[in-house]
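To start, the structure under review is shown below, and the notes come after it.
The values are calculated or read from the model by the stated rules, or taken from the named source; none is laboratory data. Here the structure is a predicted model, which is why all the values come from computation and not from measurement. No Cβ is skipped: glycine too gets one built from the backbone with ideal geometry, and neighbour counts run over all protein chains shown. The protein model used for the area step is the full one, side chains on, heavy atoms only, and it has no ligands, DNA or RNA in it. Shrake-Rupley method; radii C 1.70, N 1.55, O 1.52, S 1.80 Å.
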Amino acid sequence: RKPKRLVSRRFYMLQGLPGVGPALAQRLLLRLGSVERVVTADEAPLMQIPGAGPKEAARIRELVCRS
């Protein structure tokens, strides 16, 4: 079921990334400010967020950058 509210849809979208659950999705949005900034961030800023270590950052970058 797809959420109706914009904020909920942002969390829903981020939770589709590998290794991202509800808590990490919230921390990513709070720290980086938008879904766009999360998916375009390099590994270094992602790793600064509690719960997003090198493995999670690499998996997110791999999904977003691979064609």
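Per residue of region 44-61, what does 6.51 cos²θ - 1.76 cosθ + 1.60 with θ = phi - 60° give for ³J(HN,Hα)? Whole Hz please, x for Gly and Pro, Karplus curve as stated.
Going residue by residue, I get 4, x, 5, 5, 6, 8, x, x, 10, x, x, 5, 5, 4, 5, 5, 5, 4 Hz, with x marking Gly and Pro.
Lys4 to Leu30: FRET efficiency via 1/(1 + (r/R0)^6), r the Cβ-Cβ distance, R0 22 Å, to the nearest 0.05?
Working: r = 21 Å, r/R0 = 0.98.
Between Lys4 and Leu30 the formula returns 0.55.
Can you work out the accessible area per residue across the chain, with the rest of the protein chains kept in place, probe 1.4 Å, in square angstrom?
Values: 4720 Å² over 67 residues.
About 70 Å² of surface per residue is accessible.
Can you give the accessible area of Val39 in Å² (nearest 10), computed on protein heavy atoms with a 1.4 Å probe?
Approximately 40 Å² of Val39 is accessible to the 1.4 Å probe.
May I ask you to derive the relative contact order of the chain, considering only C-alpha pairs under 8 Å and at least 6 residues apart, and to give it as an integer percent? Intermediate values should be presented prior to the final figure.
Numbers: 53 pairs, mean separation 18.8, N = 67.
Relative contact order, the chain: 28 percent.
Calculate the radius of gyration of the Cα atoms of the chain to one decimal place, then report Dmax, the largest Cα-Cα distance, as a whole number, both in Å.
Considering the chain through its Cα atoms, Rg and Dmax are 11.2, 33 Å.
Compute, for the chain, the length of the dipole vector about the Cα centre, with Cβ point charges of +1 (Lys, Arg) and -1 (Asp, Glu) only. Units Debye, rounded to 20.
Working: 13 positive and 5 negative charges, 96 e Å.
Charge dipole, the chain, about its Cα centre: 460 debye, nearest 20.
Cut-off 10 angstrom, C-alpha nodes, Gaussian network model of the chain. Which of Gly51, Gly19, Gly33 fluctuates the most?
Comparing Gly51, Gly19, Gly33 in the GNM, the peak value goes to Gly33.
Of Val38, Ala57, Val7, whose Cα points farthest to the positive end of the dipole of the chain (charges on the beta-carbon: +1 Lys, Arg; -1 Asp, Glu; origin at the Cα centre)?
Positive-end residue among those listed: Val7.
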